[in-house]
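Q: Got a structure here, written out as structure tokens. Questions coming.
The values are calculated or read from the model by the stated rules, or taken from the named source; none is laboratory data. None of the values given here were measured: they were computed from a predicted structure. Glycine also receives a Cβ, built like all others from the backbone with ideal geometry; neighbour counts cover every protein chain displayed. All accessible areas refer to the heavy atoms of the entire protein, side chains included, with ligands and DNA or RNA removed. Shrake-Rupley method; radii C 1.70, N 1.55, O 1.52, S 1.80 Å.
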Amino acid sequence: MDSRITDFLQRAESVLMRLEPLLPAEREPLDWRHTLAARWQREGRSGYLQALKVSLDMNLSDLIGVDAQREQLARNTRQFVQGMPANHALLWGARGTGKSSLVRALLAEHASAGLRLIEIERDHLADLPRVVEQLMTLPQRFILFCDDLSFEAGEGDYRVLKSVLDGSLERSPENVLLYATSNRRHLVPERESDNANTKMVDGELHPNEAVEDKIALSDRFGLWLSFYPFTQEHYLDVVRHWVEVQAEQAGLQWRWSEELEKLAVRWATGRGNRNGRCAYQFARHWVGLQLLETSQ
């Protein structure tokens, strides 16, 4: 009998050794006293929060020409950090205009007061309830950040997001907000066919259910902030700012000139856009080039 038990235990140990590599690794809970940001990583049917090393060098003052948007989101975030009622926020509009940078700057502004940032990809939004469950009893305040949020026609994931934003039957925790960026105001593409069944009832125009469903998703965000394409003057202001920042860090003496302005405009024209990202990239290019020339 003892030999049969021993044989069984050996076989069980062999099976467990082969299964162990297939099991999810045991994850230590994050220490949010020292972790400022994390990313939700999907693993099998579940997932975990992976700590991120973040740089807090982006300041609110670096966001040039979006004063109204910056102030509204900053005010909403201050309310949230101080335990007051605040709204989920949707930042929508032209690419490269500072939407994601604004969220990162707010983390730098309020990290010492307990604000934390968690990135979650659009494809993982179905895991939001699991993420929220891990955060709701913690003392810190968490912004769940979904960058470039949008849904294609026929996808049903946006209904999951709607239920999370509403809290469904369970009240949403007070220490969690969702900030999302998108190029679309209504997140879901609007087709001409969506309006085919619009009806007139007692002299009032009633859109069909498809349109109502798509608009209802954006309505879950209490704060909408619009970001518009840069004018050339706005673009050059941002170029000037980032050249100044980069040059100061490198100890480079410089001055604004008509030639530098032409180079900046030519840089944007070659890329087919004028935005903050383009301005930042030009500043790094130009300052780096000046440093290279002076070192030779």
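Q: Restricting segment 223-240 to residues that are of a type in the set (Phe, Trp, Tyr) and in contact with a strand residue (DSSP E or B) (Cβ under 9 Å, 6 or more places away or on another chain), which is nearest to residue 80 (Cα to Cα)?
A: Step by step, filter segment 223-240, then rank; the result is 224.
Q: Another question, then. Could you please tell me which pairs satisfy a Cβ distance under 7 Å, a separation of 6+ or placement on different chains, a first residue in segment 131-148 that is assigned by the TED database to the domain that holds residue 121 and under 22 Å from residue 101 (Cβ atoms), and a second residue that is of a type in the set (S, T, N, Q) and assigned to a strand (DSSP E or B)?
A: Taking only residues 6 or more apart or on different chains, the pairs are 147/181; 148/181; 148/182.
Q: Separate question: Mind listing whichever residues of segment 107-154 are small (Gly, Ala, Ser) and at positive phi?
A: Once the filter is applied, which keeps residues that are small (Gly, Ala, Ser) and at positive phi, segment 107-154 yields 114, 154.
Q: Could you list, in sequence order, the residues of segment 108-122 that are in contact (Cβ under 8 Å) with a residue 60 or more places away in the chain and within 21 Å of residue 48 (Cβ to Cβ)?
A: 116, 117, 118, 119, 120, 121
Q: Looking at (1) surrounded by fewer than 10 Cβ atoms within 10 Å (Cβ to Cβ); (2) of a type in the set (Asp, Glu); (3) assigned to a loop (DSSP other than H, G, I, E, B); (4) modelled with pLDDT under 90, which one does residue 31 not meet, given that it meets all the others?
A: (4)
Q: Do you know which residues across segment 252-275 are touching a Phe, Trp or Tyr at 6+ places or on another chain (Cβ under 7 Å) and in contact (Cβ under 8 Å) with a residue 40 or more places away in the chain?
A: Passing the criteria: 274, 275.
Q: Does segment 282-293 include one or more residues that are at pLDDT 95 or above, out of contact with any strand residue (DSSP E or B) (no Cβ under 6 Å at 6 or more places or on another chain), open to solvent by 80 Å² or more (accessible area, probe 1.4 Å) and not charged (D, E, K, R)?
A: Within segment 282-293, one or more residues are at pLDDT 95 or above, out of contact with any strand residue (DSSP E or B) (no Cβ under 6 Å at 6 or more places or on another chain), open to solvent by 80 Å² or more (accessible area, probe 1.4 Å) and not charged (D, E, K, R).
Q: Counting only residues that are crowded, with 17+ Cβ neighbours inside 10 Å and at pLDDT below 70, give me the helices (runs of 4 or more DSSP H) lying completely in segment 173-278 with at least 2 of them.
A: Helices (runs of 4 or more DSSP H) meeting the threshold: 209-219.
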